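Step one of this worksheet: look at the structure below.
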Amino acid sequence: MSKSKFNQIKRTGVWLDKEKAIIVMLYNGDISLNTILSNIEHFHVRGGSGTRLKGGPQDVIQDSKYLEREKLQQKKYFKNLASVIKDADAIVLFGPAEIKDKFNKELNTSYKELSAKVKGVVKTDSMTKRQVKAWVKAFFKESRL
């Protein structure tokens, strides 16, 4: 593959956790960086809900409400991410938490055309934006995608 053809592939790296995603797009030698906030609320379920005993029946109902709301917010976050990376030719997902795996599963289920473009799902530590850029460049340079 010629050098110019290599640069015309839209390569995208998505570092994500529960709070935000940092999307790095490499195309024609240019690098763009985009941060998407997840807007997933942090739920702190408190025990007791009106009783002296821990874990009354109300707690189970509250837990399920929180989990359902979190699932809906997560689905919206994934839909937003998918719309931003829809034009990519090659994608790598990476990050410190299991949310990258959940996003990959959502791509497999609901976004088959994007799922086929995923070249890797990699566990990494938390990173600065500069580190994320360097990591994506190194990933695609090594894999020659």
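The values are calculated or read from the model by the stated rules, or taken from the named source; none is laboratory data. For clarity, every value in this text was computed on a predicted model and none was experimentally measured. Cβ coordinates were reconstructed from backbone atoms using ideal geometry, including for glycine residues, and neighbour counts include every protein chain displayed.
Only residues that are small (Gly, Ala, Ser) and closer than 26 Å to LEU72 by Cβ were counted across segment 102-125, and they come to 2.
Taken over segment 123-145, the residue count meeting the criterion of being surrounded by 11 or more Cβ atoms within 10 Å (Cβ to Cβ) and either at pLDDT below 90 or not in a helix (DSSP H, G or I) (or both) is 7.
The listed residues are LEU107, LEU93, LEU114, and the only one of them that is surrounded by 13 or more Cβ atoms within 10 Å (Cβ to Cβ), within 14 Å of the chain's Cα centre (by Cα) and outside any helix (DSSP H, G or I) turns out to be LEU93. Just one residue in the set LYS105, LYS76, LYS65 is modelled with pLDDT of 95 or more and more than 22 Å from ASP125 (Cα to Cα); that residue is LYS76. Just one residue in the set ALA90, ALA82 is of a type in the set (A, V, I, L, M, F, W, C), modelled with pLDDT of 95 or more and over 13 Å from LEU16 (Cα atoms); that residue is ALA90. Taking residues in segment 125-145 that are under 25 Å from LYS18 (Cβ atoms) and touching a residue at least 60 places away in the same chain (Cβ under 8 Å), and partners anywhere that are in a loop (DSSP other than H, G, I, E, B) and polar (S, T, N, Q), the pairs with Cβ atoms closer than 8 Å and at least 6 places apart or on different chains are TRP135/THR124. Per the conditions (1) charged (D, E, K, R); (2) touching a strand residue (DSSP E or B) at 6+ places or on another chain (Cβ under 8 Å); (3) not in a helix (DSSP H, G or I), the sole criterion not satisfied by ASP87 is (2). For segment 1-31: of the residues being more than 13 Å from LEU81 (Cβ to Cβ), surrounded by 11 or more Cβ atoms within 10 Å (Cβ to Cβ) and polar (S, T, N, Q), which is modelled with the highest pLDDT? So the residue we want is GLN8.
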